[in-house]
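Structure, as structure tokens:
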Amino acid sequence: MSATQGNCESLSARFLTTGLLVLVVVVFGGPFLWMLGSAFTSAETGPTFWPGVPSLNNFRIVFDDNQTGMALRNSVVIAAACTVLATLLASLGGYGLSRVMFPGKNVIVFGLLLLYAIPTAVTMVALFDLASRLALVNTYRGLILAQTAMSLPFLTWLMKSFYDKVPRTLDEAVTVDGRGILRAWLDVLTPVAKPGLAITAGLAFVLAWSEVLLTIILVSDPAKTTIARLFFVNVEQAAGSQVVAALGVLYLAPVLVVFLMLRGLISRHLARLRGSTA
Amino acid sequence: MNDRFNCSREPHNPAGEVTQPVEWPLRMGRRSLLAGGVAIGSAAVLKNTLPVHAQDLTGTIQIGFDGADETVHPFVEATAEELASSNPDASLQVEASAGGSYATQLVLQLSRGQGPDVFLLSGVAVAELAESGLIAPLTRYVADWDDWEEYRDEFGATVTYAGDVWAIPYSMDTHFLYYRRDLFAGAGLPDPWNPDTPADILEAALAIKREYPEVIPYALYAGANGGNSTVVRGFVPLVHAFGGTLVDSEGLWIIDSCAIRDALSFYEQAYQIDQVVPQDVMTGASPTSAMRQAMGDGTLGILYDGSWTYQPWLENDPENTEANIGIALFPTDDDREPFAVGGTGNCWYINTSSEHPDLAWAFVEAFNARENQIALNLVDPHIPARSDAASDQSFQQTAFLSAIVASADVLLLTEPDPAFRELITIVQNATGIVATGEAEPVEAVERYASELTRVLGEDNVVRQTCSR
Amino acid sequence: MLALTNSPQRHDLLSANESLYRGTLDGFVLSRTSRYLATLIPAAILIAIFFIAPAVWAIAISTTPLTLLGATAGSTEFIGLDNYRTLLDDPDFLKYVRNTIVFTLGAAVIGATGGGLACAFLIDHAQRTGNRLAGTAFAAILLAGICPPVLTGAIWAGILDYRTGLLNSAMSRIGLAPVDWLGRFPMLSVIVAESWRSVALAMIVFTAALQLIPRDVYEAARIDGGSRWSVFRSITLPAIRPVGALVLMMTTILATGSFLVNQVLTSGGTSRQSETIALYAYHVAFTDFRIAFGAAISVVILGITACFALIFLRVGRVPG
């Protein structure tokens, strides 16, 4: 940011800009602070922004249930596996989708994305049926495969748009046979790897971590429950209570880590864009 | 989610909606209160009291129930152990389901010919499960079971459909009008309070509203957010109070009657005219648990709810509860006696696909032993389904418990009907539009009539003309 | 979408986007590129089994009376379009359609896309003028964007609650009477909460598009004496218009199918003032176990989404 540019703006305009930015920060960030505040407030005082006496009571109640720890562990395992699998397949498939050419390709891709309009609640009978035939009910395996499949159309399409940016000439020479394609994928992967893969992986994680209905459909074993489901069950009954806020903090924490990683990446990426046009 | 299976709106506790402490409805809250004391104690009682069963039962069965229902868990374990020890060749696996979607999971499994051999679920589902062919009729077992005599005829009728018995309840639901005595005293209202007519409820609520503008005078459930409570704790008692029924003596659903009109007018009076039920009662994320909490906190004047909701108040704050929460029966509009809305509580069902139904039945029999029903209904206050359990002296220990068993004589029960599920949505719609002021009661009655007719067909409904 | 920003040149941004509608480039035929199909196989298998098959099943099952409970439990007898007729006969169906359109316009078009564009302008401007809050604002929006839907619903339920909510307690502090937000404005509440978490996607894409506009282009335009409006029309609009269509399409697809925020926040409202078709499908299938009827409803959602998406694609198509 050059100093000369900053000076272009009049004082009042600068004031306005700052005011609007503060508004944005309050509207989008405030709710999280409020949840955090509530989570650390004991139930008697009611939800607040800033607990006078911070209390870990709500977290103690949450962890008194051994399901919470178990659910957190399950969620980490499932979301991590989904992230690896989905990123790998979306990256590979996205590459092919970017390079393969046939009439109506984009119509098919578009049609596939539209199928997201059919909610899991409706397809649950088919999903459960499939899962029981494939012995996937009450297994990590089942949740990982189904969740990965659910996010793949979107993630593959996202990866494809990254590969679309890479000139064909880079990989055309390499692709002579099947192995050549894999090598080309790896070669091409490198230049786009940083933003593309990381953003895809981050989204894959967030999607898997958030998923509720799939767990409800495919899991009845309490030992296989997830934090998303635990939160959903409790929020349906006592949204706004401080204990639910504490559970919400646990639900959000890993997503927050992903966020911190993504944030740096995206801002650097955007900064680079600006650098290239300056 | 499957709140239609619930008598309340606690999704993870389809039948035994009892276990929820007011503040923290997760199973975790319950444990600290019960695990050390009562529950384990009652399981110990079981050891000595269970009848010894035949020694020749074989096979392996799975016993399913909602894992969120912590009250029933030790009882299931104890019965299974007892039965297994007296039948060395039998294996009984207790399978607590993950909280939150027990009914969904169960129904998905049943529909694929899987699922536990014997399972607990609310009695609300009897007719639909029977029609779906997913559960086995128990008539032949009941015929050989002497203890069935201990079930009142009207209790048995709530699990009988198309001539067969389909489920065995261990408890029956009953309801009270709970009122805050501290607020009543402050508003100059009588204590004990025994309203003569439904209008008295509104009058008391108005008095509270005048004296305490900051509290919620009355929680009358309406609309979709109330789940099943809108029907069971809102519309049904009102229709009965105004002298009507939902189904006539020939089994036709009544689409219009003076009582239905009066009930919906009562909603208008409560929500729109007197405004003693603030709109936000129905718009919170979880109205039933919020209102239970408010009653315990003393920020709600009057609430119609199940007998089991009293237990968490008592456990959280015994002194305050005994001093400040009063109970009354629901009044009628004329000189008929006051009543309590009843319902079939938790029932045991046997899966059609079970390979060992005899063993499953032996479990059901053992679970429903008299002592077991007494112990279970003491920790989780309901009317024991067996009369010889309800008449036990331990239910005379407190005024509240004796009121529960006494209400068995004035219980308003509905026989199983697969249309009940459709009724829930229809009642939610009719009461919802009146409560929000979107429609007049007359329009809501028309709405009720046309939706019932559309769903059930012209031949299954009847209009009772109301000359008023 | 983010990848659109990966290009060093603006030219690529447009061409990549165009190819989405145009389909194939004439120079490439399947035979020359078919060897790439192998890379799609692993993803395609998973998608076919767990994504396409259940969806196709749902469309097929919408012509049967299938439920999980009751007399029609397990029945897959062909009943033609009866479910669709039932849906049309439902006096509330039009209400749900209207709610869905209001919700989609509010949350996807105005909230996510409009809000995202406004935030992008603000942040781009702040960055160009060196305002240090720009990064914080960007981060806050991004954080909201990855908040799980159920948590979003819960947080906003806490904020908008009549008695204990943040908004009303803040209002009472400055002497305003509390408002029953969820009761009086259920649809608005849901739109706000849904927009809150979907602004991020649009904002990122728009910010990227705006940042690609070279600084000197603006300066040159100003020196030429162009008014703000003409600078906007000749420089800014062409830069954001193509990605705008994509953003509209994605936010619309996401919004029409979204129901979890709504379920947690209002459950559809006391008299179903905020019940959208997607939420209705959820209630019918998940709460009532009326699977085939739920499937018929979701086919209608599919149709509505397709209509919205096609309209936006057409609007965004770059002429020439």
Return only the number of the condition from (1) more than 14 Å from chain B (Cβ to nearest Cβ); (2) at pLDDT 95 or above; (3) surrounded by 23 or more Cβ atoms within 10 Å (Cβ to Cβ) that C:Tyr84 does not satisfy.
(3)
Restricting attention to region C:266-288, the residues that are hydrophobic (A, V, I, L, M, F, W, C) and within 7 Å of another protein chain (Cβ to nearest Cβ) number exactly 4
Pairs where the first residue, in region B:419-441, is under 14 Å from B:Tyr267 (Cβ atoms) and more than 10 Å from every other protein chain (Cβ to nearest Cβ) and the second is among the acidic types (Asp, Glu) and buried (at least 23 other Cβ atoms within 10 Å of the Cβ), C-beta under 8 Å, 6+ apart
none
Among B:Glu315, B:Glu250, which is over 23 Å from the mean Cα position of the chain (by Cα) and farther than 26 Å from B:Pro190 by Cα?
B:Glu250
Could you go through region B:235-252 and let me know if any residue there is hydrophobic (A, V, I, L, M, F, W, C) and touching a Gly at 6+ places or on another chain (Cβ under 6 Å).
no
What residue, among those in region C:175-192 that are of a type outside the set (Lys, Arg) and closer than 17 Å to B:Ala435 by Cα, is farthest from the chain's Cα centre (by Cα)?
C:Asp180
If you go through region C:101-118 one residue at a time, do you hit one that is assigned to a loop (DSSP other than H, G, I, E, B) and β-branched (Val, Ile, Thr)?
no
Restricting to region A:222-240, what's the tally of residues that are touching a helix residue (DSSP H, G or I) at 6+ places or on another chain (Cβ under 8 Å), in a helix (DSSP H, G or I), within 11 Å of chain B (Cβ to nearest Cβ) and not aromatic (Phe, Trp, Tyr)?
11
So B:Thr79 ticks every box in (1) in contact with a Leu (Cβ under 9 Å, 6 or more places away or on another chain); (2) in a helix (DSSP H, G or I); (3) within 14 Å of chain C (Cβ to nearest Cβ) but one. Which box is left unticked?
(3)
Subset of region B:129-152, residues in contact with a Ser or Thr (Cβ under 9 Å, 6 or more places away or on another chain), facing another protein chain (nearest Cβ under 8 Å) and not in a loop (DSSP other than H, G, I, E, B), comes to B:Glu131, B:Ser132
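Please note which helices (runs of 4 or more DSSP H) are completely contained in region C:148-214 and include at least 3 residues that are buried (at least 24 other Cβ atoms within 10 Å of the Cβ) and within 11 Å of chain A (Cβ to nearest Cβ).
Those helices (runs of 4 or more DSSP H) span C:149-160, C:186-211.
I'd like to check something: does region B:165-182 contain any residue that is in a helix (DSSP H, G or I) and more than 19 Å from the chain's Cα centre (by Cα)?
Within region B:165-182, one or more residues are in a helix (DSSP H, G or I) and more than 19 Å from the chain's Cα centre (by Cα).
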Considering only region C:218-232, I want to know if a residue exists there that is at pLDDT 90 or above and not β-branched (Val, Ile, Thr).
no
Filtered residues of region B:272-308 (kept if under 21 Å from B:Glu211 (Cα atoms), touching a helix residue (DSSP H, G or I) at 6+ places or on another chain (Cβ under 6 Å), assigned to a helix (DSSP H, G or I) and charged (D, E, K, R)):
B:Asp280
Filter region B:309-338 down to residues that are part of a strand (DSSP E or B) and not β-branched (Val, Ile, Thr) and give me whichever is farthest from B:Thr197 (Cα to Cα).
B:Gly326
Do any residues in region A:174-188 that are more than 8 Å from chain C (Cβ to nearest Cβ) have Cβ atoms under 7 Å from those of residues that are at pLDDT 75 or above, where the two are at least six apart or on different chains, and which pairs are they?
A:Val174/A:Gly180; A:Val174/A:Arg183; A:Val174/A:Ala184; A:Val174/A:Asp187; A:Val188/A:Tyr95; A:Val188/A:Tyr163; A:Val188/A:Val166
From the option list A:Val219, A:Val243, A:Val257, single residue qualifying as closer than 25 Å to A:Ile118 by Cβ and either within 9 Å of chain B (Cβ to nearest Cβ) or at pLDDT below 90 (or both) is A:Val219
Which residues, taken from region B:338-374, are among the acidic types (Asp, Glu) and in contact with a Leu (Cβ under 8 Å, 6 or more places away or on another chain)?
B:Asp358, B:Glu371
Looking at (1) within 22 Å of C:Tyr218 (Cα to Cα); (2) free of Cβ contacts under 8 Å to residues at least 24 places away in the same chain, which one does C:Arg98 not meet, given that it meets all the others?
(1)
Does C:Ala139 qualify as being without any contact (Cβ under 8 Å) to a residue 12 or more places away in the chain, surrounded by fewer than 21 Cβ atoms within 10 Å (Cβ to Cβ) and out of contact with any Phe, Trp or Tyr (no Cβ under 7 Å at 6 or more places or on another chain)?
yes
Counting residues that are away from chain B (no Cβ under 14 Å) and either touching a helix residue (DSSP H, G or I) at 6+ places or on another chain (Cβ under 7 Å) or modelled with pLDDT of 90 or more (or both), which helices (runs of 4 or more DSSP H) fully inside region A:44-158 reach at least 2?
A:66-99, A:105-114
Hey, B:Tyr170 surrounded by 22 or more Cβ atoms within 10 Å (Cβ to Cβ), under 30 Å from B:Glu203 (Cβ atoms) and more than 14 Å from chain C (Cβ to nearest Cβ) or not:
no
Give, as residue ranges, the helices (runs of 4 or more DSSP H) completely inside region C:215-320 that count at least 2 residues that are surrounded by 24 or more Cβ atoms within 10 Å (Cβ to Cβ) and of a type outside the set (S, T, N, Q).
C:237-257, C:260-265, C:277-282, C:291-316
Residue under question is B:Ala90, and the condition is that it be of a type outside the set (Asp, Glu) and modelled with pLDDT under 90; does it hold?
no
Select from region B:238-271 the residues that are part of a loop (DSSP other than H, G, I, E, B), out of contact with any strand residue (DSSP E or B) (no Cβ under 9 Å at 6 or more places or on another chain) and over 20 Å from B:Pro338 (Cβ atoms) and list them in ascending order.
B:Ser249, B:Gly251
Would you check which residues across region B:172-228 are over 18 Å from B:Thr332 (Cα atoms) and acidic (Asp, Glu) and list them?
B:Asp173, B:Asp182, B:Asp191, B:Glu211, B:Glu214
Options C:Phe121, C:Phe93: the member that is under 26 Å from C:Met249 (Cα atoms) and within 11 Å of chain A (Cβ to nearest Cβ)
C:Phe121
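The values are calculated or read from the model by the stated rules, or taken from the named source; none is laboratory data. A quick note: this is a predicted structure, and the numbers were derived from the prediction, not measured. Every residue, glycine as well, gets a Cβ built from its backbone with ideal geometry; the counts of neighbours run over all protein chains shown.
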